[in-house]
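Colleague: Below you'll find the structure I mean.
The values are calculated or read from the model by the stated rules, or taken from the named source; none is laboratory data. This structure is a prediction, so every number in the text was calculated from the model and none was measured. FYI the Cβ positions are ideal-geometry reconstructions off the backbone, even for glycines, and counts take in every protein chain you see. Protein only, heavy atoms only, side chains kept; ligands, DNA and RNA dropped before computing areas. Shrake-Rupley method; radii C 1.70, N 1.55, O 1.52, S 1.80 Å.
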Amino acid sequence: TWGSSAPLRLEEEIEPGLRGLYHVSRLLASAKSEFQDVSVMDVQPFGRALVIDGLIQSTQLDEHVYHECLVHPALLTHPHPRRVYIGGGGEGSTAREVLRHKTVERCVMVDIDKDVVAFCKEHLPENAEAFADARLDLRIDCAKATLERLDEQFDVIIMDLDDPLEGGPCYQLYTKEFYDFCKTKLAPGGILVTQSGAAGVSAHKLVFSPINRTLRESFAHVCAFNQAVYSFLDEWGWNMASDSPLAIPTQNELDGRIAERITGELQFLDGKSFLGVLSLSKRVRATLAKEDVVMSTTGTHRFMHGQGQAKRARLT
């Protein structure tokens with residue numbers, strides 16, 4: 001129980017045979033929603049961490065790496081993004097990065113868990129300004145159902161979802177059927193970007209590569225990229241897709257767009273670092289080229305491996 005005097009540790013099973021064990025110096029808050037358990041805790045060496053169902057979602061040390069890579073490549077590649085849709089993203093960090101773009105006039109963010117959103121509003125002060133921004137239209141609902149009901153199109157659709165876990169709530173939003181539907185909700189020249197799971201030397205075959213292949217079945221142009229996220233203990237992957245050519249800006253063009261369009265200074269991404277993010281390893285490129293799995297609601301699917309627990313125990 002939380003009231004025990006024994007130290008708290010956070011343990012994650014990264015993959016069969018590999019576990020991560022974190023020392024928790026302080027549990028600040030925890031709650032149980034209709035869908036999941038959520039906590040904010042100080043985890044060494046990452047600082048303040050958001051933990052859902054025993055799995056680290058983001059940490060003070062490096063959450064900017066994940067969220068800047070998820071948001072800014074797509075918005076900076078688009079010539080003038082005005083309307084943005086976020087599926088998931090309940091902690092508010094994705095909306096925070098979107099709303100830094102001066103061109104954005106409207107940002108619809110839809111997360112299914114009202115309790116997690118309320119919890120993050122209370123305990124993640126770095127996102128308070130985003131939640132209060134008049135351009136943000138926050139809705140508590142199913143991301144797919146809301147997108148279906150909205151009678152509008154978007155310049156960028158960002159899917160900041162839970163990983164596709166077997167039996168989890170989100171795996172159907174990584175399928176060809178869903179991506180085909182998203183195409184109908186993109187304005188001309190629009191871009192879809194999705195978080196795509198672990199993308200390191202071993203785990204990239206699980207879902208990163210199948211997501212890329214599935215998107216290539218739906219869209220004419222797909223760009224995969226990855227970056228090490230320290231607190232995730234692996235490289236992480238993203239894929240962006242469009243039926244219009246993805247004209248990736250040059251290093252100087254990216255730096256110019258960042259200076260012109262974005263309020264404040266990015267912590268991780270600039271023109272040079274984005275070129276590095278795009279530079280997939282030889283092994284990953286070979287896997288993507290050979291991938292033949294197209295994920296479907298009625299047939300084949302691939303899942304991430306994920307299991308975590310937070311408990312009182314002696315750290316030995």
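Colleague: Of the numbered conditions (1) open to solvent by 20 Å² or more (accessible area, probe 1.4 Å); (2) modelled with pLDDT under 90; (3) under 19 Å from residue 92 (Cα atoms), residue 48 fails exactly one; give the number of that condition.
Modeller: Among (1) open to solvent by 20 Å² or more (accessible area, probe 1.4 Å); (2) modelled with pLDDT under 90; (3) under 19 Å from residue 92 (Cα atoms), residue 48 violates only (2).
Colleague: Let me ask something additional. Could you say which residue among 25, 39, 33, 58 is in contact (Cβ under 8 Å) with a residue 24 or more places away in the chain and out of contact with any helix residue (DSSP H, G or I) (no Cβ under 8 Å at 6 or more places or on another chain)?
Modeller: 39
Colleague: Among the residues of the stretch 57-105, what is the count of those that are more than 27 Å from residue 145 (Cα to Cα) and assigned to a strand (DSSP E or B)?
Modeller: The number of residues fulfilling the criteria is 1.
Colleague: Looking only at the stretch 261-282, filter to residues that are closer than 18 Å to residue 79 by Cα and without any contact (Cβ under 8 Å) to a residue 60 or more places away in the chain; which one of those is most open to solvent (accessible area, probe 1.4 Å)?
Modeller: Taking the candidates together, the pick is 270.
Colleague: While we're on this one: Kindly provide the set of residues from the stretch 89-115 that are of a type outside the set (S, T, N, Q), touching a residue at least 40 places away in the same chain (Cβ under 8 Å) and open to solvent by less than 10 Å² (accessible area, probe 1.4 Å), ordered by number.
Modeller: Result: 89, 95, 98, 101, 108, 113.
Colleague: Return the total of residues in the stretch 205-226 being within 23 Å of residue 11 (Cα to Cα) and either in a strand (DSSP E or B) or in contact with an Asp or Glu (Cβ under 8 Å, 6 or more places away or on another chain) (or both).
Modeller: 1
Colleague: It is to be established whether one or more residues within the stretch 194-213 are in contact with a Pro (Cβ under 6 Å, 6 or more places away or on another chain), surrounded by 20 or more Cβ atoms within 10 Å (Cβ to Cβ), touching a residue at least 60 places away in the same chain (Cβ under 8 Å) and not aromatic (Phe, Trp, Tyr).
Modeller: Scanning the stretch 194-213, I find at least one residue that is in contact with a Pro (Cβ under 6 Å, 6 or more places away or on another chain), surrounded by 20 or more Cβ atoms within 10 Å (Cβ to Cβ), touching a residue at least 60 places away in the same chain (Cβ under 8 Å) and not aromatic (Phe, Trp, Tyr), so the answer is yes.
Colleague: Would you check which residues across the stretch 13-26 are crowded, with 16+ Cβ neighbours inside 10 Å and either among the small types (Gly, Ala, Ser) or modelled with pLDDT of 90 or more (or both) and list them?
Modeller: 22, 24
Colleague: Given the criterion part of a loop (DSSP other than H, G, I, E, B), modelled with pLDDT of 80 or more and farther than 21 Å from residue 100 by Cβ, identify the matching residue among 316, 297.
Modeller: Among 316, 297, only 297 is part of a loop (DSSP other than H, G, I, E, B), modelled with pLDDT of 80 or more and farther than 21 Å from residue 100 by Cβ.
Colleague: Name the strands (runs of 3 or more DSSP E) wholly inside the stretch 112-204 in which the number of residues that are within 29 Å of residue 48 (Cβ to Cβ), modelled with pLDDT of 95 or more and in contact with a Lys or Arg (Cβ under 6 Å, 6 or more places away or on another chain) is 1 or more.
Modeller: So the answer is 136-140.
Colleague: Related question: Scan the stretch 235-260 for residues that are closer than 22 Å to residue 159 by Cβ, open to solvent by less than 60 Å² (accessible area, probe 1.4 Å) and modelled with pLDDT of 95 or more and report the count.
Modeller: Looking only at that region, the number is 9.
Colleague: Please go through the stretch 134-159 and give me each residue that is surrounded by fewer than 18 Cβ atoms within 10 Å (Cβ to Cβ), touching a residue at least 12 places away in the same chain (Cβ under 8 Å) and farther than 24 Å from residue 34 by Cα, ordered by number.
Modeller: Of everything in the stretch 134-159, those that are surrounded by fewer than 18 Cβ atoms within 10 Å (Cβ to Cβ), touching a residue at least 12 places away in the same chain (Cβ under 8 Å) and farther than 24 Å from residue 34 by Cα turn out to be 135, 150, 152, 153.
For (1) more than 26 Å from residue 189 (Cα to Cα); (2) open to solvent by 10 Å² or more (accessible area, probe 1.4 Å), each residue gets a yes or a no:
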residue: 52; (1), (2): yes, yes
residue: 64; (1), (2): yes, yes
residue: 68; (1), (2): no, no
residue: 71; (1), (2): no, no
residue: 74; (1), (2): no, no
residue: 83; (1), (2): no, yes
